[in-house]
Amino acid sequence: MHVATNYQDVFDHANDAIFIHDEASGAILDANRMAARITGFPVPLLRKMRVGDISARDRGCDGLGALAHIHRAVDEGPQIFEWWLRQPDGSELPTEVNLKRIITDGHPRVIALVRDIRDRKQAEERLVAREAYYRRLIANISDGIAILDRCGVVRWVGPSIRKVLGFREREVRGRSIFSRIDQEDAARLAGQLEALARSEGGEANFCCRIQHRDGSWRIHEGSCVNLLEDDCVGGLLVTFRDVTSRIEAEERVRQRDLELSHMARLSTTGEMASALAHELNQPFFAIMNFVGGAVRRAQAGRLDGDALLEVLENTKVQAERAGRIIRTVRNFTRKSSYHRETVDIRKIIEEIAPFIEIEARSRRIRVRYRLLREPALVDCDWVLIEQVIANIARNGIEAMSDTSQELRQLTIATHLTAAGTVNVSIEDRGHGLPRANPDRIFDAFFTTKKEGLGIGLSLCRSIVDSHGGHLWATQGGGGGAKFHFSLPLASGDAHV
Ligand code: ADP
């Protein structure tokens, strides 16, 4: 069936505005209904108007410009461009114009298809504004931010790199991060990146030394997210910040703790002099007895080889005992440099136990241990944690001076918590904590003792804090005090 096409109807009802122009003068020869709708002028009026009359001049759209486009469509072929219309009420409308030369009724004309692109324009503007917003955010961020490929080559870097590491963006782009990372850290970081690149969406934290443009080495902490499969990013997104001053400050605090701790140890041993004298007296007294007895028996001619051997063996045992006591004290007072290692908390307690027991024995106090059956590993400075235990234990021992002898007992216990820490508690049966505001005991220089310095507990708290743990005190079950401190389990040992 042949359907007669009525081109006038198609023209009138088209969804785009259509203008027919004279190719030489640019005059509007005809326009459709949509043209009337988007310009705001009725078709008969449009036929008498010029393009300049319906265009937004202040946006650079005027009659001359329109004519130039029309002539280009004639000379060079179809033209597509954006054009701003101006409606009778003054409002402006963005459009996309498609110009093409055609021959109708034997006359050369230029036909303009004009489409309202207000929605598209608004969406574009929103996009541009959003981009500007994110650009500003990234420009003002103080952390470093970069996108790396899976081998660590910088594909993009934020302008903050200037503040963070002194470089311009272009000095870093296209280069491997490893050229400025400390060798030892670089090996570790390369392993981390490789593992991360294999886990889509995965995240990893890192800490490494990076050389600043000025040549100084700075410590950086940061995180890296695998967005290799993400269409927008397509790389490993890294943010990092310079934490050198924080780490150096922490190091200074640790050094100070170490020095204070050493002083406290020396003063502890000084205060323990009488207990030590008593402790050492026993093996020396025994040695005197053995030797004295042997001399008497030799004088009486009653010392045969076997008897002499027995005396010498006994003497040796006692000399060794005295040696052990001296070694314990020497170990306790040794000056140690700051050194973190992964150790079983039970080992630390076992090492300090003989020292605590010297004083406990001299005051007729029993020391009980309730330690975990399995190892509990913590990253700590062995010497400092020993110091904490020894300090608290000594306080407990001193607090029991008025406790009746059969009740005197110090209990040292360890247990694991659901929070991934190991807790150490030291409980005595002494006079208990001060009733008013008991937390004061942790203040520096707070003491209720005549000869007290009041730095022991404040030092203990700062040592435990620097290990990421907590130290606190409660009333003990037997009326005395119970001190607790927690330490995070070494990573990989959070087996609760
Ligand atoms: P010092 O032992 O020199 O006084 P500390 O900082 O070790 O310094 O202790 C501060 C104060 O805390 C002690 O003087 C005492 O009042 C209180 N205290 C510490 N341990 C105990 C305890 N086990 N029982 C009761 N009070 C305690």
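Overview of results
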{"read-out": "Hits in segment 435-449 - residues which are modelled with pLDDT of 85 or more, more than 8 Å from the ligand (Cβ to nearest atom) and open to solvent by 100 Å² or more (accessible area, probe 1.4 Å)", "value": "435"}
{"read-out": "Residue, nearest to the ligand (Cβ to nearest atom), within segment 450-493, restricted to residues that are open to solvent by 70 Å² or more (accessible area, probe 1.4 Å) and modelled with pLDDT under 95", "value": "453"}
{"read-out": "Tally of residues being part of a strand (DSSP E or B) and more than 30 Å from residue 76 (Cβ to Cβ) across segment 104-135", "value": "0"}
{"read-out": "Test set (1) open to solvent by 70 Å² or more (accessible area, probe 1.4 Å); (2) part of a helix (DSSP H, G or I); (3) in contact (Cβ under 8 Å) with a residue 12 or more places away in the chain - residue 311 fails condition number", "value": "(1)"}
{"read-out": "Residues within segment 54-74 that are open to solvent by 40 Å² or more (accessible area, probe 1.4 Å) and either in contact with a helix residue (DSSP H, G or I) (Cβ under 8 Å, 6 or more places away or on another chain) or under 17 Å from residue 116 (Cβ atoms) (or both), tallied", "value": "4"}
{"read-out": "Close pairs from segment 467-486: first touching a residue at least 12 places away in the same chain (Cβ under 8 Å), partner more than 14 Å from the ligand (Cβ to nearest atom) and of a type in the set (D, E, K, R), Cβ under 8 Å, at least 6 apart", "value": "467/379; 467/381; 471/465"}
{"read-out": "Test: residue in segment 387-396 that is modelled with pLDDT of 90 or more, surrounded by fewer than 20 Cβ atoms within 10 Å (Cβ to Cβ) and either among the small types (Gly, Ala, Ser) or more than 8 Å from the ligand (Cβ to nearest atom) (or both)", "value": "no"}
{"read-out": "Candidate set from segment 221-241 (those that are among the acidic types (Asp, Glu) and either touching a Leu at 6+ places or on another chain (Cβ under 8 Å) or in a loop (DSSP other than H, G, I, E, B) (or both)); member that is surrounded by the most Cβ atoms within 10 Å (Cβ to Cβ)", "value": "230"}
{"read-out": "Any hit, segment 321-337, residues being open to solvent by 10 Å² or more (accessible area, probe 1.4 Å) and in contact with an Asp or Glu (Cβ under 6 Å, 6 or more places away or on another chain)", "value": "yes"}
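The values are calculated or read from the model by the stated rules, or taken from the named source; none is laboratory data. On a predicted model such as this, the values are computed, not experimentally measured, just so you know. Cβ sites come from the backbone with ideal geometry, for glycine too, and all protein chains shown count toward neighbours. Each accessible area value is taken on the protein alone, full model and side chains, heavy atoms only, with ligands, DNA and RNA left out. Shrake-Rupley method; radii C 1.70, N 1.55, O 1.52, S 1.80 Å.
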